[in-house]
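Everything on this sheet refers to the single structure shown next.
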Amino acid sequence: MDCIFCKIADGTIPSKKVYEDEQIIAFHDIQPQTPVHIVIIPKQHIESMNGITADNSHVIAHIFEVIPQIAKENNLANGYRVVSNCGKDGSQTVFHLHFHLMGGKQLNGKMG
Ligand code: AMP
Ligand code: ZN
């Protein structure tokens, strides 16, 4: 399967990693939209939010358990935003489920 985030997960494509364990990996976004912009992915291929099921949701729970640690280690003590774009109207461009962890400045209150 030709999936750029699967390739980042297996190391075929390099990334600026900030966190990794057996289930997930987090790395700096290649085109940051905020001073801190980290992408967090499950290592297993899940296409989008719509692919979350009772069988894989423990991995998503794990991502959210680790987010406070990643935020703390990347100087987001003042707060941050977590976003997942889903499908066409959500402007998803990489079809491997991921969460954007964004911050490092006062973010705009508008989200759409
Ligand atoms: P989305 O538009 O929500 O699907 O987000 C995809 C994100 O992945 C965008 O913010 C891209 O800048 C980012 N991205 C794409 N390719 C890479 C890559 N090789 N390394 C890091 N981030 C990437
Ligand atoms: Zn993938």
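A few comments on the model shown:
- Compactness of the chain is given as radius of gyration and Dmax, 13.5, 39 Å, from Cα positions.
- The Cys residues in the chain with no partner Cys Cβ within less than 4.7 Å of their Cβ are 86.
- Solvent-accessible area of residue 12 with every protein chain in place, 1.4 Å probe, in Å² to the nearest 10: 90 Å²
- Pairs of Lys in the chain closer than 19 Å at Cα, counting only those 8 or more apart or on different chains: 8
- In the context of the full set of protein chains, residues of region 4-103 present 56 Å² of accessible surface per residue (probe radius 1.4 Å, heavy atoms only).
- Relative contact order of the chain, pairs being alpha-carbon contacts under 8 Å that are 6 or more residues apart, as %: 30 percent
- Net charge of Cβ neighbours under 13 Å - reference residue 1; Lys, Arg +1; Asp, Glu -1: -2
- Take each peptide in 94-107, 14-27, count the other Cβ atoms within 10 Å of every residue, and average; sorted highest first, the result is 94-107, 14-27.
- Those trypsin sites (Lys or Arg not before Pro) in region 59-100 that DSSP places in a loop and that have at most 12 other beta carbons within 10 Å: 88
- Within the full protein context, the accessible area of residue 111 is estimated at about 150 Å² for a probe radius of 1.4 Å.
The values are calculated or read from the model by the stated rules, or taken from the named source; none is laboratory data. What you see is a predicted model, and the numbers here were worked out from it, not measured in a lab. Virtual Cβ from ideal backbone geometry, glycine too; neighbours counted across all protein chains shown. When the accessible area is computed, the model is the full protein with side chains, heavy atoms only, and any ligands, DNA or RNA have been set aside. Shrake-Rupley method; radii C 1.70, N 1.55, O 1.52, S 1.80 Å.
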